[in-house]
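Student: Pasting in a structure now, in structure tokens, and then I'll have a few things to ask.
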Amino acid sequence: MRSRDRIVGNLEDLYRREFKQAEEGEDRARMAELDFGFQRDQLYMELLLDLRELMTPPEPGEEPSSLLDKAEKLKKLKNLTRLRP
């Protein structure tokens, strides 16, 4: 299974390449569109990754935790970023 960092990093790389092209072309409308799109897609991806983590069974020998415990843990891990050069 791909790591959270790898997935979010791939998403960021994709948007950064497109953002750089728009910036070089001085396309301010496209830059704003990409910035909004990145933030929206990152939120969606974070939500899906959180759900994946909540639904993943514990490792062998690891004590199972409740969904509430998992949700509290995820709440502490949140770190949303904006696409800005």
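Student: Let me know the charge dipole size of region 4-77 about its Cα centre in debye, to the nearest 20, where only the beta-carbon of Lys, Arg (+1) and Asp, Glu (-1) is charged.
Tutor: 80
Student: Follow-up question, since we're still on this one. With θ set to phi - 60° and the Karplus curve 6.51 cos²θ - 1.76 cosθ + 1.60, what are the ³J(HN,Hα) couplings of region 2-17 in order, to the nearest whole Hz, using x for Gly and Pro?
Tutor: 6, 6, 4, 4, 5, 5, 5, x, 4, 4, 5, 4, 4, 5, 4, 4
Student: What FRET efficiency do you get for Arg6 and Ser65 if R0 is 41 Å and r is their Cβ-Cβ distance, rounded to the nearest 0.05?
Tutor: The value I calculate is 0.95.
Student: Ok, one more. Any idea how far the Cα center of region 1-37 sits from the one of region 47-62, in Å?
Tutor: Taking the Cα centre of region 47-62 as reference, the centre of region 1-37 is 28 Å away.
Each value in this text was obtained by applying a stated rule to the coordinates, not by laboratory testing. For clarity, every value in this text was computed on a predicted model and none was experimentally measured. Cβ coordinates were reconstructed from backbone atoms using ideal geometry, including for glycine residues, and neighbour counts include every protein chain displayed.
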